[in-house]
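Data first, discussion second: the structure below is written as structure tokens.
The values are calculated or read from the model by the stated rules, or taken from the named source; none is laboratory data. Note that the structure is a prediction, hence the values are computed from the model and not measured. We place every Cβ from the backbone using ideal geometry, glycine too, and count neighbours over all the protein chains shown. Each accessible area value is taken on the protein alone, full model and side chains, heavy atoms only, with ligands, DNA and RNA left out. Shrake-Rupley method; radii C 1.70, N 1.55, O 1.52, S 1.80 Å.
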Amino acid sequence: MPLASSYSYPLLGAFWTILEVFLWVLWIWVLIYVFIDIFRSRDLSGWAKALWFLFVLFIPLIGVLVYLIARGGKMQERAQQDARQQEKADQLAKLADLRDKGVISAEEFEREKAKVLAS
């Protein structure tokens with residue numbers, strides 16, 4: 001008797017398993033993102049960070065939902081601010097590289113640096 005005929009795994013069961021794995025990965029991603037945001041937040045004190053961490057750790061579903069409702073807008077603002085700072089740092093690094101290679105002069109570097117930092 002062939003092995004394939006003795007194993008029965010319906011197609012709907014396969015889709016359900018794929019959906020469960022996808023949801024678990026999504027849940028773990030959200031948890032990690034919330035934990036990162038808790039510790040990256042500059043407007044929370046150390047005690048507030050500890051309390052949020054414990055709340056999300058011990059009551060994960062409710063903790064994440066409350067955190068997203070209470071601080072979800074600030075999460076987006078912090079992410080955008082971090083992206084802008086990273087972009088400025090990248091532009092400054094490129095300008096410094098061009099100056100070191102002699103492509104632009106020190107005066108041009110300072111002028112462009114002022115533009116980047118002003119924006």
message: So if each residue of separation counts as 0.36 nm, and I subtract the Cα-Cα distance between Arg78 and Leu61, what length gain in nm does that give?
response: 3.8 nm
message: How large is the accessible surface of Phe55 in square angstrom, using a 1.4 angstrom probe and rounding to the nearest 10?
response: 70
- prompt: So how far apart, in nm, are the two label points at Ala48 and Ile36 if each is 7 Å from Cα heading toward Cβ?
  reply: 2.2
- prompt: Quick one: with all protein chains in place, what share of the accessible area of the stretch 12-113 is carbon or sulfur, to the nearest percent (1.4 Å probe)?
  reply: 69
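Over the chain, give the accessible area per residue in Å² for a 1.4 Å probe, as an integer.
Per residue, the chain has an accessible area of 78 Å².
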task: Anything in the chain that counts as a DSSP H helix reaching 27 Å or more along its axis (C-alpha) with Kyte-Doolittle mean of at least 0.0? List them, would you?
output: 11-40
Relative packing of 67-75, 22-30, which averages over residues the other C-beta atoms within 10 Å, highest first: 67-75, 22-30
query: Where in the stretch 39-73 does the amide nitrogen come within less than 12 Å of the point 7 Å from the Cα of Gln85, taken along Cα to Cβ?
result: 40-43
message: Which lysines, if any, have their Cα less than 24 Å from the Cα of Lys74, not counting same-chain residues under 8 positions apart?
response: Lys49, Lys88
